[in-house]
1. Using Cα atoms only, what is the angle between the long axis of helix 95-106 and the major principal axis of the chain, expressed in degrees (0 to 90) to the nearest 10?
2. State the extension gain, in nm to one decimal, for the chain segment bounded by Glu219 and Arg32, taking 0.36 nm per residue of separation less the distance between their alpha-carbons.
3. Can you tell me the 0 to 90 degree angle between the C-alpha axis of helix 59-77 and the longest principal axis of the chain, rounded to 10?
4. I want to verify a result. In a Gaussian network model of the chain, Cα cutoff 10 Å, which of these has the top mean-square fluctuation: His260, His191, His46?
5. Using only Cα atoms and rounding to the nearest 10 degrees, what angle (0 to 90) does helix 5-24 make with the longest principal axis of the chain?
6. Under a point spin-label approximation (7 Å from Cα along Cα-to-Cβ), what is the Glu239-Arg54 distance to one decimal in nm?
7. Would you report the distance distribution of C-alpha pairs in the chain as whole percents per 10 angstrom bin, up to the bin with the largest distance?
8. Which whole-number percent is the relative contact order of the stretch 1-90 (Cα, under 8 Å, 6+ apart)?
Amino acid sequence: MTLNFAAFCQRQARFRRLTDFIGASLDEDMLRVQDLADIACLSPAHLMRLYRARTGEGPMQTVRRLRLLRAREQLCHERQLSVTQIAFAAAYDSNAAFSHAFRRQFGIAPSQFRLLQTNVATPPPLWLTRLAERKVWQFHYTGAYGDNAYYKARLAWLCLAAGSRRWRGWRRNDPEHPFAEHAAQRVDLCHFVPLALHPQRLAEADLVTHAGGLYVVAEINPAKRDQCMATLATRLRTELHCTLGEGPSLEQDLQVRDFHPPQERRIALYLPVSPLGRRQD
């Protein structure tokens, strides 16, 4: 049975609070399932059932996996730390236990992994795509940035109520403030889903046509938008022989963010571009 909108928002908020807590608590040695259940306002059994149904793993498995992912980054980029120090930071009692878990997760021993790595951050891959003109179900929003999440949640709930189980929302950003994160910032943006992926009528949403165009795409963590933009202009010229064009950027959720810790949230960022020496089509 589909939840009503208030219950849907409450569930999403609980899971967002839980995954935010998990992402920020990797250094807690005594983290327990009961602690996580209290954050989500659920019993441990109910938490385990809901969490596994939405993520495919238990919450403590997520904690252990994130600790190992962080350890992998530290092995690569924090060379001043020994393998043993990294093992203790990942809540393992011994180097041997850490090495066993690391090898099981990544197929290589941590010491071997470190020898194969360079201390150079790899930027996200970029590629070009041409979006055709398309019809979309849209909620247009003008107002404080902090209030736009209501319309994203409303659109998600309408999709679920209409029978869609694998929807992924899009957002067309404000051209003047594309990455606004301050709650009071006034923005003009819209949340939408393409009609081709959701042909059912969505009550309350407007059916409008979005123009197509040429875009550069990068799959990134939403917290790293500015970091991606810092080198984008140079990379566009040297790698793709393009320059940034005019018009709003787009963002597509690659997963339901509320069910993923901050470290693993991903979006596809679409930025309009023009080939060098030519005007944008």
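Just so you know, all these numbers are worked out from the coordinates, no wet-lab data involved. As the structure is a computational prediction, the values presented were derived from the model and not from experiment. Here the Cβ positions follow ideal geometry from the backbone for every residue, glycine too, while neighbour counts run over all protein chains shown.
1. Computed tilt is about 30 degrees.
2. Computed gain between Glu219 and Arg32 is 64.1 nm.
3. The helix 59-77 is inclined about 90 degrees to the chain.
4. His46
5. 40
6. Those two pseudo-labels are separated by 3.3 nm.
7. Final binned percentages: 6, 23, 29, 25, 15, 3, 0.
8. Computed value for the stretch 1-90: 23 percent relative contact order.
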